[in-house]
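Visitor: Quick one: structure below, then a few questions.
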Amino acid sequence: MKMVNISSNSFTGLLSPATWETMEDLAVLNASNNSFMGPLPAFLCQSATSLAVLDLSYNKFNGSIPPELGKCSMLQSLKAGHNNLTRTLSDELFNVTSLRHLSLPNNRLHGELDPALIMKLTDLVVLDLGWNMISGNIPDSIGQLKGLKEISLEQNNMSGELPSALGNCTNIVAMNFKNNYFSGELGKINFSTLSNLDTLDVGSNKFTGTIPESVYSSNKLTVLQLSFNNFHGQLSPRMRNLKSLTTLSLAGNYFTNIRSAIEILKSFGNLTTLLIGSNFRNEEIPGNETVDGFENLKVLAMENCQLFGKIPLWISNLRNLEMLLLFMNELSGSIPDWIGTLNFLFYIDLSYNSLTGEIPTGLMEISMLKSDRITTQLDPEGFELPTYNYNGHSPRYYTISAFPAMMNLGNNNLAGVVPSEIGQLKALVSLILGFNSLSGQIPRTISNLTNLEVLDLSNNHLTGTIPGALNNLNFLSRFNISNNDLEGSVPHGGQFDTFPSSSFDGNPKLCASMLTYSCDSIEVPKGSTEQGYKVMFSIAFGAFFGLGVLLDQLYLSRIFG
């Protein structure tokens, strides 16, 4: 028996029969993570009759799955995901009754799952056909695959109700059906028979009704994702039985009674991720009463609920919190100073509320944001988080890796100055303070935020000049100070030469070549606004006895597109 592993190289071209025809005793071939192209090798089962494991994933193979693979009578594992395979699953493939692992995700396969064919694979343990274009429903015959442990059909075009026969797959550990068009009620499945169930993901479908009570019998569940469906009702006290739960996503449904929900969920000692946004609409957020629990919570998302009330004191007890998302609510009052004591926070989004008062200096003391490097303990693929386009469209969820260190306090009623201490938060990649009533000058200390890629100070009442030191922010790609009362010349050179004029519109005292009105054609030292402005003023004063430079008004209100 031979094993050949040529994975993770830079091989290209075709897999030629001449190379493999002498390997009659080949049992394992791993050619994954290369750049092989052309059709899948149909000859392998003819020359290597003992082939048991074939891994061709992460290549550039195209075309259909060759029917000749149906002659691999000893094949136990076939992996060909992340290629460009098209057409339907060949009928002959289902003749390989020895298959235990069939993994073909991230291709362009289509067609339906044939009930008569799927039931032939009685030894199947893993079925992964996610990220294809498969349609139709899940056949009842799936229930005859008694050894099935993992089934993933995510991101396809499948529809219909989930068959009750799934309750017969008593060894199932993970079910992933998200991003399809499944409908009906989950209650058709008796989850109490699935005692080994660890992960249930049915997010982004069209399920209705309430969470079935039988789900609460699956006490080994660690991940429960029901987001973006049409579930309704209140959370059942029986949910407390899910003591192993680490990730719970209920976002984008029609659940009610947030006070009861928090009371139930706080008892989940292992919970690290709680996503309950776009529910509990127009309810009052549970206030400053003591909420004991959530001791391991790292992500709390209660966005887009139109919740009213103040930012509750009980959040201050979440000492392990890393991400706090309360945006698109109707929260009022000031931003509490104690947020600065949540030392692991690296992502804060309080935007689109009615918060008032000044930006607390305590917010500038978050240890994680003051460090040079974010050291999150979150699993980058363990869950997804919501982003919105703020135009009324449905939110989309993205994995944690898409969320850099951010502080978003935009679209509130905050007043006062931007604290100079903000320059301490060196880990920040995105700082958004736009659409408030902030006044005073842009702190020069922002130039210390050398990781900054997004800076939005637009639509405030800021005055003074643009600190020339901001030109040292080499990663800055989105910059918006429009609609303030800033003056003087815009720094030039570096990143500032890449920003559109809309970044500066609505500041009638600003001047630059890009703003139609230049600064009297007087050369300003590159990257230094304050010094350049003083030089310009001194020359003008000496030449014209104090006659300053006349700046015509230019106003165009635009924010980042």
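Each row is one residue, and each column tells you yes or no for (1) surrounded by fewer than 22 Cβ atoms within 10 Å (Cβ to Cβ); (2) farther than 27 Å from residue 371 by Cα; (3) in contact (Cβ under 8 Å) with a residue 12 or more places away in the chain.
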| residue | (1), (2), (3) |
| --- | --- |
| 419 | yes, no, yes |
| 426 | yes, no, yes |
| 453 | yes, no, yes |
| 480 | no, no, yes |
| 511 | no, yes, yes |
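Visitor: Inspect the range 281-303 for any residue being crowded, with 23+ Cβ neighbours inside 10 Å and under 19 Å from residue 413 (Cβ atoms) and give the result as yes or no.
Guide: Yes, the range 281-303 contains a residue that is crowded, with 23+ Cβ neighbours inside 10 Å and under 19 Å from residue 413 (Cβ atoms).
Visitor: Something else: Out of everything in the range 256-298 that is more than 27 Å from residue 368 (Cβ to Cβ) and among the acidic types (Asp, Glu), what residue ends up being farthest from the chain's Cα centre (by Cα)?
Guide: 289
Visitor: Every residue in the range 333-369 that is buried (at least 16 other Cβ atoms within 10 Å of the Cβ) and not in a loop (DSSP other than H, G, I, E, B), please.
Guide: The answer is 339, 340, 347, 348, 349, 362, 363, 364, 365, 368, 369.
Visitor: Continuing with this model, one more query. Please state which of the following conditions residue 468 fails to meet, knowing it meets all the rest: (1) buried (at least 16 other Cβ atoms within 10 Å of the Cβ); (2) at pLDDT below 95; (3) under 29 Å from residue 352 (Cβ atoms).
Guide: Single failed check for residue 468: (3).
Visitor: Which one is farthest from residue 243 (Cα to Cα), of the residues in the range 295-309 that are of a type in the set (A, V, I, L, M, F, W, C) and assigned to a strand (DSSP E or B)?
Guide: Initially, the range 295-309 is screened for residues of a type in the set (A, V, I, L, M, F, W, C), giving 297, 299-302, 305, 307-308.
Next cut, assigned to a strand (DSSP E or B) only: 299-301, 308.
Working: 299: 18, 300: 18, 301: 20, 308: 30 Å.
Within the range 295-309, the match that is farthest from residue 243 (Cα to Cα) is 308.
Visitor: Another question, if that's okay. What pairs come out if I take residues in the range 487-499 that are surrounded by fewer than 23 Cβ atoms within 10 Å (Cβ to Cβ) and pair them with residues that are of a type in the set (Phe, Trp, Tyr) whose C-beta lies under 9 Å away, six or more apart or interchain?
Guide: 487/533; 495/475; 495/479; 498/479; 499/479
Visitor: Could you grab me the full set of residues in the range 304-331 that are over 22 Å from the mean Cα position of the chain (by Cα), within 22 Å of residue 232 (Cβ to Cβ) and crowded, with 18+ Cβ neighbours inside 10 Å?
Guide: 307
Visitor: Filter the range 329-349 down to the residues that are touching a helix residue (DSSP H, G or I) at 6+ places or on another chain (Cβ under 9 Å) and of a type outside the set (Ser, Thr, Tyr) and list them by number.
Guide: Residues satisfying the conditions are 335, 336, 337, 338, 339, 340, 342, 343, 344, 345, 346, 348.
Visitor: Continuing with the same structure: Filter the range 242-294 down to residues that are of a type in the set (Ser, Thr, Tyr) and assigned to a loop (DSSP other than H, G, I, E, B), then give me how many there are. Working first, answer last.
Guide: Our first condition is that a residue be of a type in the set (Ser, Thr, Tyr); within the range 242-294, this holds for 244, 246-247, 249, 254, 256, 260, 267, 272-273, 278, 290.
Then keep just the ones that are assigned to a loop (DSSP other than H, G, I, E, B); that gives 244, 246, 256, 267, 272, 278, 290.
The total comes to 7.
The values are calculated or read from the model by the stated rules, or taken from the named source; none is laboratory data. Being a predicted model, the structure only gives us computed values, none of them experimental. Please note: Cβ atoms are built from the backbone with ideal geometry, for glycine as well, and neighbour counts cover all protein chains shown.
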